[in-house]
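Data first, discussion second: the structure below is written as structure tokens.
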Amino acid sequence: MEQFLKESILKHLEERKVIRSSQHGFIKGKSFLTNLIAFYDEITGSVDMGKAVDMIYLDVSKAFDTVSHSILASKLKTYGLDEWTIKWIESWLDCLPQRVMIKVSMSSWQLVSSGVCQGYVLGPVLIRSLIKMLDDGMDCTLGKFADDPKQGGEVDSMEGRDRVQSDLDKLEDWAKRNLMRFNKDTCRILHLGRKNPMHCYTLGTDWLNSSSADKHLGITVDKKLDMSQQCALVAKKASGILGCITKSIASRSREVIIPLYSALVKLHLEYCIQFWSPLLFPPPPPLQRDVDKLERVQQRAMKMISGLGHMTYKERLRELGLFSLQKRRMRGDLIAAFNYLKGGSREDGDRTRQNKEQWSQVAVVEV
């Protein structure tokens, strides 16, 4: 029943154009990767032009647990959903009792007036309907993945810094009106650009902390927009998992090692890789070191397989029917470019059309 209702609500929201292009969470055709590329395209474009940019990572505290049922119902009414659908959702939310269990002790069941349980089919759709209003009246660039927004704006002038602060004030006002709050201890400012004034901002009555690097959606970005730190962290984590496989698995046959490597190690080496991988061919020495760090992890995995010790790395890959990580990245770049040109990112505006032309040129060069 939830699935039927979800499809109906999504179709209605798409027809009314309620969901904006800045939202990437729980939307078909959009993902972590599209969110990162779309947001940082604006940010890096300004930095490349010599502008100073401040990026602010925001965290809505326990959005799924604190959303008010009555406020959510009122939002759905403003989107034009029919009365019976809204009543069904209200009844569904109000009739979800909860209890607390610690070891063998359990509390009594209690009805709750707020929160959408994670794991339900309708949960993400309802949260997205509430978060949709987050960027109303915003002047700066805003990117949203579910309940994790991030904001960025040019701050060379006092007017630019005032716009960033004004948008933060609007976000705080939105949270108060919807009985939600930001976890200000985890909100961070990243100052980009050589002549950045390093301005401080407030969210409500609290000053936000600055950071030289921050991790968002699993990707670490530093103030120099250098991905060497991300490459090092990924290589270290993947190497650690590979070490655990080496110590815990006695077999060294290809039938055992390759599935374990693909399921547990390679996914870390290729997570959102189209956003943070070195893209220059051939890469300069600093980027080549990053490429080698990632490739060495796969080389270690291939050395674990028995019977291939006399072969070189390329010969092992050919024998196993695999490709180097660099070739897989190029393949992923082409797939991402194809999806973007075919409208998979579902962005709007003149800038998007311009970007599609640039992507098509990149794709032709890489082929």
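The values are calculated or read from the model by the stated rules, or taken from the named source; none is laboratory data. Since the model is a prediction, treat every value here as computed from it, not as a measurement. Positions of Cβ are generated from backbone atoms using ideal geometry, with glycine treated the same way; all protein chains shown enter the neighbour counts. We work out accessible area using only protein heavy atoms, side chains counted, and drop any ligands, DNA or RNA first. Shrake-Rupley method; radii C 1.70, N 1.55, O 1.52, S 1.80 Å.
In table form, for the structure just shown:
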item	result
Residues (within 24 Å of A232 (Cβ to Cβ) and at pLDDT below 90) located in region 293-328	Q326
Pairs with Cβ under 9 Å, 6+ apart, first in region 9-20 and in a helix (DSSP H, G or I), second open to solvent by 100 Å² or more (accessible area, probe 1.4 Å) and basic (K, R)	L10/K28
Selection count where residues are among the small types (G, A, S) and either touching a strand residue (DSSP E or B) at 6+ places or on another chain (Cβ under 8 Å) or within 14 Å of I56 (Cα to Cα) (or both), scope region 144-170	4
Neighbours by Cβ (under 8 Å, 6+ apart or cross-chain): first from region 95-113, over 19 Å from L72 (Cβ atoms) and part of a loop (DSSP other than H, G, I, E, B); second open to solvent by less than 90 Å² (accessible area, probe 1.4 Å) and among the hydroxyl-bearing types (S, T, Y)	R99/S107; R99/S108; V100/S107
Selection from region 261-291 of residues that are surrounded by 18 or more Cβ atoms within 10 Å (Cβ to Cβ) and modelled with pLDDT of 90 or more	Y261, V265, K266, H268, L269
Extreme residue, least open to solvent (accessible area, probe 1.4 Å), among residues of region 226-252 that are without any contact (Cβ under 8 Å) to a residue 12 or more places away in the chain and of a type in the set (D, E, K, R)	D226
Hits in region 28-46 - residues which are among the β-branched types (V, I, T) and within 10 Å of the chain's Cα centre (by Cα)	T34, I37
Given (1) free of Cβ contacts under 8 Å to residues at least 60 places away in the same chain; (2) more than 22 Å from I273 (Cα to Cα), number of the condition T220 does not satisfy	(2)
Condition met for I257 (surrounded by fewer than 18 Cβ atoms within 10 Å (Cβ to Cβ), among the hydrophobic types (A, V, I, L, M, F, W, C) and at pLDDT 90 or above)	no
Total residues in region 114-160, condition without any contact (Cβ under 8 Å) to a residue 60 or more places away in the chain, farther than 18 Å from L93 by Cα and open to solvent by 10 Å² or more (accessible area, probe 1.4 Å)	9
Condition check for G80: exposed (fewer than 15 other Cβ atoms within 10 Å of the Cβ) and closer than 26 Å to K17 by Cβ	yes
Tally, over region 135-167, of residues that are touching a Pro at 6+ places or on another chain (Cβ under 9 Å), assigned to a loop (DSSP other than H, G, I, E, B) and either closer than 15 Å to I43 by Cβ or β-branched (V, I, T) (or both)	2
Region 186-223: number of residues that are assigned to a strand (DSSP E or B), open to solvent by 30 Å² or more (accessible area, probe 1.4 Å), over 14 Å from V60 (Cα atoms) and charged (D, E, K, R)	2
Residue check for Y79: of a type in the set (S, T, Y) and at pLDDT below 80	no
Some residue of region 169-185 being under 13 Å from D54 (Cα atoms) and surrounded by 15 or more Cβ atoms within 10 Å (Cβ to Cβ)	no
